[in-house]
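Single-structure report; data block below.
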Amino acid sequence: MPAPLITIPSTPELPQNADAVVIGGGIIGVCAAYFMARQGMHVALIEKGRIGGEQSSRNWGWCRQQNRDARELPLSTKSLDLWEEITADLGEDLGFRRCGLLYLSDNEAEIEGWAKWGKFAATQGVASHMLSAAEAAERGVATGKRWKGGVFAPTDAIADPARATPLIAKGILKYGGSVHQFCAARGIETEAGKVSGVITENGVIKTSQVVMAGGAWASSFCRQLGIRFPQASVRSTILSVMPGAEGIPDALHTAEVSITRRGDGGYTLATSGRAQVDPTPQQLRFANKFLPMFAKRWRILSPGDLQGWLSGHETLSKWALDQPTPMERIRILDPRPSQEIVNETLARARRLLPALGSVPIQAGWAGYIDSTPDGVPVIDQAANLPGFLLAAGFSGHGFGIGPGAGRLIAELVTGKTPFVEHRQYSLSRLGKSAWGKVSEF
C-alpha cells in the first residue's frame with residue numbers, strides 16, 4: 001500500500017511564463033521552489049503525480065547530522081535551522097522535533113567509527129555524545145539489555161514524511177508561486193543552446209531556468225538531453241505499527257532495527273541498509289560505477305524482481321515530446337513491499353523492544369531510493385545546457401537535508417552567494433573512477 005500522505009490542491013491553470021520551473025514535487029524540488037518564491041521569483045512546480053508521493057513520504061523521517069559524509073554535513077546543519085524557520089514561517093505542523101537520535105551497539109568497530117566521526121564533528125561545531133556501556137543501557141532501557149556503547153546526537157531531529165513536503169508546497173502558493181500535480185514534464189525547449197521552456201503534458205511554460213529534482217526519474221530525463229548522470233535505485237521496504245507502545249525512544253538505531261516515533265503515536269520500523277536490487281536497463285548501463293557500493297553492501301542487499309524494469313523510471317529509451325511518456329504511465333512509483341522483510345523487521349523490533357510485542361502492524365510500503373556512486377547528491381548546472389540545474393541522487397538522505405539543499409538551489413538559480421561550497425556536489429566528479437577514494441565521513 002502507499003505510504004501515508006496528506007494531499008493539497010493544485011493551481012488550476014498552467015502559467016504561460018515563469019522565472020523558473022522546478023520539475024519534481026519531492027522534498028528537494030518543493031524546498032527549492034519554496035525558497036525561490038520567498039525571494040520573489042515567479043516559480044512553477046510541476047509534478048507528474050502527487051506532491052511527496054514517492055520517496056519523500058516513504059522514508060524514516062530522520063533529520064540528522066550524525067554520521068554524515070563531510071560533504072553533506074553543511075547541508076544537514078543548515079537544514080536543521082531551516083526546518084524550524086519554515087515551520088515558523090508557515091505556521092504548519094511539519095512534525096519537526098529536535099528529540100535527539102540514539103544509536104546503540106555491541107560492535108566495538110562500529111562504536112570506534114562513531115567516536116572517530118564524533119571527533120570530526122567537534123571540529124564542525126556538531127554535538128555528538130559518546131555513551132559508555134552504563135549510559136547506553138540507561139538510554140536504551142526500553143530494550144531491557146546491556147550494550148557495549150552508543151552515541152546520542154542531541155540536536156538532531158525527526159519530521160513527519162506524511163506531512164512535511166505537501167505543507168511546504170503550500171508555502172510556494174503563499175509567496176505567489178504555482179503548484180501543478182498530475183502534470184508530467186516531457187522535455188526542455190531551447191533557444192540559442194539555452195533553456196527557453198519546459199514542455200509538459202498540459203502545455204509549454206516559457207522559462208530560462210529549470211531545476212530537475214525528479215528523484216529516481218532524473219537520470220532517464222537527463223538522458224533525453226544528452227546529459228550523462230550515473231544513478232541507480234534500490235527498493236527499500238519499511239512498515240509502521242499502531243500506537244500503544246510506551247517508553248520507547250523517539251528515534252533509535254541499532255544494527256537489528258531502527259525505529260522512529262510517528263505523529264500519531266505509532267512507530268516506523270526499518271532495517272538500516274536492507275534493500276532489494278531490481279534489475280533495470282539503467283543499472284546495467286552504470287553497473288561499473290556502482291560495483292564498489294554494491295560490493296560493500298552485498299550482505300544487506302538481495303536480488304529483487306522485475307518491478308523496477310517494468311516501472312520505466314530507469315529506462316534507456318528516448319521518448320517523443322508529443323506522446324505520453326513513462327512518467328505518465330506510472331504517475332507514482334509504488335512498488336510492492338517485501339513481505340519477508342516486513343516480517344523479519346517486525347520480529348527483530350519485537351525482540352529488541354518488548355513493548356512492541358502486542359502492537360499490531362499499521363501499514364507496510366516500499367520505495368525506490370536513488371543513489372549516486374559515492375552516495376552524495378548532485379547539485380549542479382549542466383555544462384551543455386545553460387539554465388538547467390540538476391538536483392538528484394540524494395541516496396536516501398534527501399528528506400532530512402531537503403531544506404538546506406533547496407536553499408542552496410535557490411541561491412544558485414538567483415545568482416546569490418551560496419551558503420556552502422557547492423563544487424563538491426558537481427556532476428563532473430562522477431566521471432572519475434568509482435574505485436577512487438572518497439571522504440571518510
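The values are calculated or read from the model by the stated rules, or taken from the named source; none is laboratory data. Not measured: the values here are computed from a predicted model. Reconstructed Cβ throughout: ideal geometry from the backbone, glycine too, with neighbour counts over all protein chains shown. The area values use the complete protein model at the heavy-atom level, side chains included, leaving out ligands, DNA and RNA. Shrake-Rupley method; radii C 1.70, N 1.55, O 1.52, S 1.80 Å.
Looking only at strands (runs of 3 or more DSSP E) that fall completely inside the stretch 315-415, which ones have 3 or more residues that are within 28 Å of Ser196 (Cβ to Cβ) and of a type outside the set (D, E, K, R)?
Ranges flagged: 378-381, 388-392.
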Handout entry: Subset tally (residues that are open to solvent by 60 Å² or more (accessible area, probe 1.4 Å) and either within 30 Å of Pro12 (Cβ to Cβ) or assigned to a loop (DSSP other than H, G, I, E, B) (or both)) for the stretch 133-183
Key = 10
Exercise for the section: May I ask you to verify whether Gly29 is touching a residue at least 60 places away in the same chain (Cβ under 8 Å), open to solvent by less than 40 Å² (accessible area, probe 1.4 Å) and at positive phi? Expected result: no
Practice task
Within the stretch 59-115, work out how many residues are small (Gly, Ala, Ser), more than 20 Å from the chain's Cα centre (by Cα) and crowded, with 20+ Cβ neighbours inside 10 Å.
Solution key: 1
Handout entry: Residue satisfying condition, being aromatic (Phe, Trp, Tyr) and touching a helix residue (DSSP H, G or I) at 6+ places or on another chain (Cβ under 7 Å), within set Phe229, Phe182, Phe221
Key = Phe229
Practice task
Kindly establish whether Gly398 is at pLDDT below 95 and surrounded by 14 or more Cβ atoms within 10 Å (Cβ to Cβ).
Solution key: yes
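Of the residues Thr155, Thr200, Thr123, which single one is among the hydroxyl-bearing types (Ser, Thr, Tyr) and in contact with a Gly (Cβ under 8 Å, 6 or more places away or on another chain)?
Within the list Thr155, Thr200, Thr123, the selection yields Thr155.
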Handout entry: Filter result for Leu102 (farther than 24 Å from Arg350 by Cα and either in contact with a helix residue (DSSP H, G or I) (Cβ under 7 Å, 6 or more places away or on another chain) or outside any loop (DSSP other than H, G, I, E, B) (or both))
Key = no
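I'm checking my understanding of the structure. Among residues of the stretch 1-26 that are outside any loop (DSSP other than H, G, I, E, B) and of a type in the set (Val, Ile, Thr), which one is farthest from Thr207 (Cα to Cα)?
So, considering only residues that are outside any loop (DSSP other than H, G, I, E, B) and of a type in the set (Val, Ile, Thr), the one farthest from Thr207 (Cα to Cα) is Ile23.
Test Ala122 against the criterion of being of a type outside the set (Asp, Glu), in a helix (DSSP H, G or I), surrounded by fewer than 17 Cβ atoms within 10 Å (Cβ to Cβ) and under 26 Å from the mean Cα position of the chain (by Cα), and give yes or no.
It is true that Ala122 is of a type outside the set (Asp, Glu), in a helix (DSSP H, G or I), surrounded by fewer than 17 Cβ atoms within 10 Å (Cβ to Cβ) and under 26 Å from the mean Cα position of the chain (by Cα).
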Practice task
Working only within the stretch 278-302, note down all residues that are buried (at least 16 other Cβ atoms within 10 Å of the Cβ), modelled with pLDDT under 90 and of a type in the set (Val, Ile, Thr).
Solution key: none
Practice task
Tell me, please, whether a residue that is in contact with a helix residue (DSSP H, G or I) (Cβ under 7 Å, 6 or more places away or on another chain), open to solvent by less than 10 Å² (accessible area, probe 1.4 Å) and closer than 19 Å to Ala218 by Cα can be found in the stretch 345-356.
Solution key: no
Fill in the blank from the handout: Output for Cβ contacts, cut-off 7 Å, separation at least six or different chains, first residue over 16 Å from Ser219 (Cα atoms) in the stretch 391-403, second of a type in the set (Lys, Arg) and part of a loop (DSSP other than H, G, I, E, B), reads Gly400/Arg64
Practice task
Tell me, yes or no, whether the stretch 228-239 has at least one residue that is β-branched (Val, Ile, Thr), closer than 29 Å to Pro303 by Cα and at pLDDT below 95.
Solution key: yes
Practice task
Being farther than 25 Å from Arg228 by Cβ and of a type in the set (S, T, N, Q) is the filter; apply it to the stretch 308-344 and report the residue that is surrounded by the most Cβ atoms within 10 Å (Cβ to Cβ).
Solution key: Ser338
Problem - Count of the stretch 32-58 residues which are touching a strand residue (DSSP E or B) at 6+ places or on another chain (Cβ under 8 Å) and open to solvent by 10 Å² or more (accessible area, probe 1.4 Å) - result: 8
